[in-house]
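Let me begin by presenting the structure, written as structure tokens, before commenting on it.
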Ligand SMILES: [Zn+2]
């Protein structure tokens, strides 16, 4: 999908959202008290193919890097109303907790578009897998991106492996393989870690693996550059 088409799609989505508000509000009333119920069936949340979903993220990041954000033009009041009783993300992102990596912003997306899990070092844990499986199996996201970033403190700390307060060192084992592959180069460790965690998701979760096999999902990895604002896919 080109950037232009992506923008057109976004405009179309806004129009749809505006006409769907009254319907959504009826739905909210009907489902009052059921907001924590988990749907039991897979349902298409968007019409994007996995390839198009990835391209939507890429195009959004290109807009962000060029300081040409479109997501801020969305009607937030409508979006909030539309998303009270359900969410329709087309992508899931596993990102670092770092404050310099605001996921929705760097992909130029707004409320309800990206299902985000964040943890220092963007690493896979059982709870992260569970969350992302929800995104895949219940919400039907079409792309899952593991996003590392330049100057990641968690990766740097794991490379030094110095004594640290509290439970911070519990992060290190998850990053060990990337550190070992890096030859002491932080950037290499960061890129390797994103790839390793994406591989881990593909292999350790039957839910994710089956969705990939069925052509419903792409699992990718990449690194966000704090200086340029650009995401480079692995
Ligand atoms: Zn980080």
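Laboratory data are not the source of any read-out in this text; all were calculated from the coordinates shown. None of the values given here were measured: they were computed from a predicted structure. All Cβ positions, even for glycine, are placed from backbone atoms using ideal geometry, and neighbour counts span all protein chains on display.
Across the stretch 54-122, Cα-Cα distances exceeding 17 Å account for 46% of all pairs. Note that the stretch 149-219 carries a Kirkwood radius of 13.3 Å, evaluated over its alpha carbons pair by pair.
Ordering 170-177, 208-215, 113-120 by mean Cβ neighbour count within 10 Å, with the highest value first, yields 113-120, 170-177, 208-215. Entry note, the stretch 142-234: relative contact order of 38 percent, from Cα contacts under 8 Å with a spacing of 6+ residues. Each residue, residue 73 and residue 204, gets one label point 7 Å from its Cα in the Cβ direction; the gap between the two is 4.1 nm.
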